[in-house]
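**Student:** What follows is a structure written as structure tokens; I'll ask about it next.
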Amino acid sequence: MQNRRQLYKMLSTERWKDSSVFFLRIFVGVMMLIHGIAKINGYEMLFTSFPDPLGIGSGASLVVTLCVEILCALLLIVGLFVRPAALLLALTMLVATFCAFPGEPFAAHELSFVYAGACVALLISGGMRYSLDRVFFRA
């Protein structure tokens, strides 16, 4: 019983919480970066067939999505402007989940919804201790 209390006390420290947010930030950032790079590799094919849920054109939607996925992913990885980057990524993933392919079953969009949820968690937490936001903005 005493060992379990000591373990719980150790795992509930601020440093562990900061470390878990750091891991989530790096993980989501790297996964979104890989996702964006895959779109760059298929850019010419996607340019005319990319969904246009906002009515700005297929090519423009692709460019906006690429910018958000790549730039915001890099910001998450380095821990700079974590909340705005997470907000933009969450919005992009929610559009991909609910607007990009109407009529498809939800199961086809589960991954983008999971990304959106992880980005909302980062939006709430911010970069915490291990981020450039804390260095520059003392947030």
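The values are calculated or read from the model by the stated rules, or taken from the named source; none is laboratory data. None of the values given here were measured: they were computed from a predicted structure. When we count neighbours, we look across all protein chains shown, and the Cβ atoms used for this are built from the backbone with ideal geometry, even at glycine. Note: accessible area is taken over every heavy atom of the protein model, side chains too, but ligands, DNA and RNA are not part of it. Shrake-Rupley method; radii C 1.70, N 1.55, O 1.52, S 1.80 Å.
**Student:** Using a 1.4 Å probe on the protein heavy atoms, what percent of the accessible area of the chain belongs to carbon and sulfur?
**Tutor:** 72
**Student:** Assuming R0 = 41 Å, what is the FRET efficiency of residue 14 and residue 47, from their Cβ-Cβ distance, to the nearest 0.05?
**Tutor:** Values: r = 47 Å, r/R0 = 1.14.
So, using R0 = 41 Å, E works out to roughly 0.30.
**Student:** Specify the longest stretch of the chain that does not include any exposed loop site, a site being one of the trypsin sites (Lys or Arg not before Pro) with a non-H, G, I, E, B DSSP assignment and at most 16 other Cβ atoms within 10 Å.
**Tutor:** Here the longest run is 1-128.
**Student:** When the helix-only estimate is applied to the chain (DSSP H runs of n ≥ 4, each -39,500 (n - 2.57), divided by the residue count), what is the mean residue ellipticity at 222 nm, nearest 500 deg cm²/dmol? Please report the intermediate quantities before stating the final value.
**Tutor:** Working: 8 runs with 100 residues, N = 139.
The per-residue figure over the chain is -22500 deg cm²/dmol.
**Student:** I'd like to check one number: the per residue accessible area of the stretch 31-108, probe 1.4 Å, reported in Å² as a whole number. Each step should come with its number before you reach the end.
**Tutor:** Numbers: 4250 Å² over 78 residues.
On a per-residue basis, the stretch 31-108 sits at 54 Å².
**Student:** Build a GNM of the chain with springs between Cα atoms under 10 Å: which of 61, 49, 12 gets the top mean-square fluctuation?
**Tutor:** Of the options given, 12 has the highest mean-square fluctuation.
**Student:** I'd like the per residue volume of the convex hull spanned by the Cα atoms of the chain, given in cubic angstrom.
**Tutor:** On the way: hull volume 16.8 nm³, N = 139.
Spread over its residues, the Cα hull of the chain gives 121 Å³ apiece.
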